[in-house]
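All remarks here apply to the structure that follows.
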Amino acid sequence: MGFLAANLPAVFGPYKRLADIAYGSDPLQRLDVYVPEGAAVEPRPVVVFWHGGRWREGDKADYRFVGAALAESGYVTVVANYRHYPQVKMPGFMQDAARAALFAAAHAHEYGGARERLYLMGHSAGAHLAALLTLDPRYLAAGGQAAPHIAGVIGLSGPYDFLPLLEPDDQDMFGPPPLYPESQPINFVRADAPPMLLVQGLNDETVKPKNSRNLAAALQALGVPVTLKLYPNVSHADTVAALTALLRGRAPTLADIRAFVGRSSE
């Protein structure tokens, strides 16, 4: 019901939605593209968004409000599905994220987007995909295409530094134990990383704010431009829910995204 209410205002808007485009052969390797209406002076930024759900659940159809909000902001927006655990373990969902990002870069011009203005974005587990895909170059390099330039990363309530793994399914998904460090974006920080916007609610009981704080500190120590936004009285879901028209007053997520893209596109 929550997703239904969030998506109702997004059904109609100044954008065109191209649904269920395949980027692979699996039924979950599908994405939707939201194209802003009207002519643009120059090619538009392209934002690829991945949903959360503990790498186990979720569907792009529930996040139409994200595509609408970003398209209405002037961005070509790709909302991508990916395979979940237990169908795949890591690196399966990372490989899907790489395929979706490569698809977005390769086809950006078809939708009026600029390949060189590619932003990777996600909420919760989706923010983990966006950050790790950016920081660990192996996934995009394995895609068989030239790795695209990533203009920035937008992480909402993301897990970036979440060892030790305490739940048996997490241990199985990211294991065996010698591979646990491979799942942590913080272990791949590097000085040539693109700018990042890390958004976290201080009332987040699902992903602790230390994840965003720690990643921001590690990147800043290497001179990477990082914007850390810690919202008081905001929960785990609120950071993305605030993108729907009904809940914009809950958190300034959309305003902060627009400011970040504006700065990093200059």
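The values are calculated or read from the model by the stated rules, or taken from the named source; none is laboratory data. Please read all numbers here as calculations on a predicted model, not as lab measurements. Cβ placement follows ideal geometry from the backbone for every residue including glycine, while neighbour counts extend to all protein chains displayed. Side chains are part of the model used for accessible areas, which takes the heavy atoms of the whole protein and leaves out ligands, DNA and RNA. Shrake-Rupley method; radii C 1.70, N 1.55, O 1.52, S 1.80 Å.
Amide H to amide H, with H built 1.01 Å from N, Val234 comes under 5 Å of Leu202, Asn203, counting only residues 5 or more places away or on other chains.
Taken along its principal axes, the alpha carbon cloud of the stretch 56-159 reaches lengths of 36, 31, 21 Å, longest axis first. Extent along the principal axes, Cα only, for the stretch 111-163: 35, 24, 14 Å, with the longest axis given first.
Suppose we take every Cα in the stretch 177-266 and form the convex hull; what volume per residue is that in Å³?
Per residue, the Cα convex hull of the stretch 177-266 comes to 111 Å³.
For Ala114, nonlocal amide neighbours, meaning residues 5 or more places apart or on other chains whose placed amide H falls under 5 Å from its own, are Arg44, Val46.
Here is the list for the stretch 49-153: GluC sites (Glu not before Pro) lying in DSSP coil, each with at most 16 other C-beta atoms within 10 angstrom of its C-beta, are Glu57.
Whole-Hz Karplus values for the stretch 125-133 come out as 4, x, 5, 4, 4, 4, 5, 5, 4 Hz, taken residue by residue from phi with 6.51 cos²θ - 1.76 cosθ + 1.60 and θ = phi - 60°; glycine and proline positions read x. Size estimate for the stretch 23-83 follows the Kirkwood approach: the inverse of mean 1/r over distinct Cα pairs works out to 12.3 Å. DSSP bridge analysis restricted to the chain gives an antiparallel fraction near 25%, rounded to the nearest 5. Take every Cα pair under 8 Å whose residues are at least 6 apart in sequence, average their separation, divide by the length of the stretch 84-209, and the relative contact order is 28 percent. Listed values for the stretch 92-100 are Karplus-derived 3J(HN,Hα) couplings in whole Hz (6.51 cos²θ - 1.76 cosθ + 1.60, θ = phi - 60°), namely x, 6, 5, 5, 5, 4, 5, 4, 5, and x replaces Gly and Pro. Using C-alpha pairs below 8 Å separated by at least 6 residues, the relative contact order for the chain is 17 percent. Put simply, the amide H of Gly152, placed in the peptide plane, has neighbours under 5 Å in Leu120, leaving out anything fewer than 5 places away on its chain. Solvent-accessible surface (1.4 Å probe) assigned to His107 amounts to roughly 50 Å². One quarter of the convex hull surface built on the alpha carbon atoms of the chain amounts to 13.2 nm², the projected area averaged over directions. Here is how the number arises for the chain: DSSP H runs of 4 or more residues each give -39500 (n - 2.57), the sum is divided by the residue count, and the result at 222 nm is -8500 deg cm²/dmol. Each residue of the stretch 101-118 was assigned a 3J(HN,Hα) from its phi angle through the Karplus curve 6.51 cos²θ - 1.76 cosθ + 1.60 (θ = phi - 60°); the sequence is 5, 5, 4, 4, 5, 5, 10, 3, 5, 5, 10, x, x, 9, 4, 7, 10, 8 Hz, with glycine and proline shown as x.
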